[in-house]
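Since the structure comes first, as structure tokens, the remarks are kept for the end.
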Amino acid sequence: MAEAALFLDLDGVLAPLAPTPDAVGPEPRRTRTLARVTRALQGRVAVVSGRTLAEIDRIVDGAAGAASGVHGLERRGADGVLSTREPAPSVRAALAAFRDFAQDRPGVIVEDKGLSAGLHFRQAPGQADAALALAAGLADRTGLTLQPGSMVLELKTPGADKGTAVAAFMGEPPFAGATPVMVGDDLTDEAGFRAAEALGGFGVLVGPERPTAARYRLEDVEAVLDWLGVLAAATQEKEARA
């Protein structure tokens, strides 16, 4: 197998899921581990998340050079070059509808990502059916892409997903020619799993077993960080012996 290239989701993979999006912050072990495995793989590591690039940078404390945010709609290559889509005008209408919905439903949170609108109901699980009905109706009317996640529904600008982000990274240095490994936990990561498989690599599901395109599984965030540490150590030892 060629040298690995890692594509890592953030929430549920590098960081535990939290009640609200802003409850997740930097954590020293995560930052150290991510920086170490990136050095060991000579830069072939990218965070591929539904969060914005600014949020990725905040949470990993700057340890991710290459990163993709908002499900592939914004991307920063290993060379630091940024590429982003123009937001669909109907994202603003979706945000307004989500805010109206959340106004009298305690625990429902609306997130404005610019390129997408998120409706979080982790603190109000009883609103799941109503939230899905609203989001699906808006997707039909606006042409926005409905992206289900873990206790969140997102309406996003069409044209990209985590799979397109993985494919784009794999066409650029230092990723080109490596074996892509996508590590993710929820439905938003399935496109990344499929892209990695199509490009000669594989996916790794984090969390409970479920139907998935991933070939392998890790139990939780701690298992991911342990695995990354072992991978970095093994890679460095192999290079030292070469």
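The values are calculated or read from the model by the stated rules, or taken from the named source; none is laboratory data. Just so it is clear, the model here is predicted, and its values are computed rather than measured. A quick note on method: Cβ atoms are made from the backbone with ideal geometry, for glycine too, and the neighbour counts reach across all protein chains shown. Calculation scope for accessible area: heavy atoms of the full protein, side chains included, ligands and nucleic acids excluded. Shrake-Rupley method; radii C 1.70, N 1.55, O 1.52, S 1.80 Å.
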The chain - percent of accessible surface contributed by carbon and sulfur, probe 1.4 Å: 55 percent
Could you rank the peptides 58-64, 28-34, 128-134 by their average count of other C-beta atoms within 10 Å per residue, with the highest value first? 58-64, 28-34, 128-134
At a probe radius of 1.4 Å, what is the per-residue accessible area of residue 156, in Å² to the nearest 10? 0 Å²
FRET efficiency, residue 129 to residue 220 (Cβ-Cβ, R0 30 Å, nearest 0.05): 0.60
Taking r as the C-beta separation of residue 136 and residue 198 and R0 as 35 Å, the FRET efficiency to the nearest 0.05 is 0.80
Only bridges whose two residues both fall in region 10-115 count here: according to DSSP, what percent of them are antiparallel, nearest 5? 60 percent
Hey, can you rank 136-142, 206-212, 72-78, 6-12 by average C-beta count inside 10 Å, highest first? 6-12, 72-78, 136-142, 206-212
The answer for the net charge of residues other than residue 59 whose Cβ lies under 11 angstrom from its Cβ, with Lys and Arg +1 and Asp and Glu -1, is -3
Placing each pseudo-label 7 Å from Cα in the direction of the beta carbon, residue 233 and residue 84 end up separated by a distance in nanometres of 4.0 nm
How big is the chain by the Kirkwood estimate over distinct Cα pairs, in Å? 18.2 Å
Residues other than residue 149 with Cβ under 15 Å of its Cβ, Lys/Arg counted +1 and Asp/Glu -1, net out at -4
Given a 1.4 Å probe, how much area per residue of region 45-164 is accessible, in Å²? 41 Å²
Averaging sequence separations of C-alpha pairs under 8 Å and six or more residues apart, then dividing by the length of the chain, give the relative contact order as a whole percent. 21 percent
Need the list of aspartates and glutamates near residue 238 for cross-linking: C-alpha distance under 15 angstrom, and skip anything on the same chain fewer than eight residues off. 3
Summed side-chain charge close to residue 227 - residues other than residue 227 whose Cβ falls under 12 Å, Lys, Arg +1, Asp, Glu -1: -3
Can you tell me the convex hull volume per residue for region 1-58, based on C-alpha atoms, in Å³ to the nearest whole number? 89 Å³
Over region 30-104, how many percent of alpha carbon pairs lie in each 10 Å bin up to the one with the longest distance? 18, 39, 24, 14, 5
Peptide ranges 189-196, 143-150, 80-87 listed from the most packed, as the mean C-beta count within 10 angstrom indicates: 189-196, 143-150, 80-87
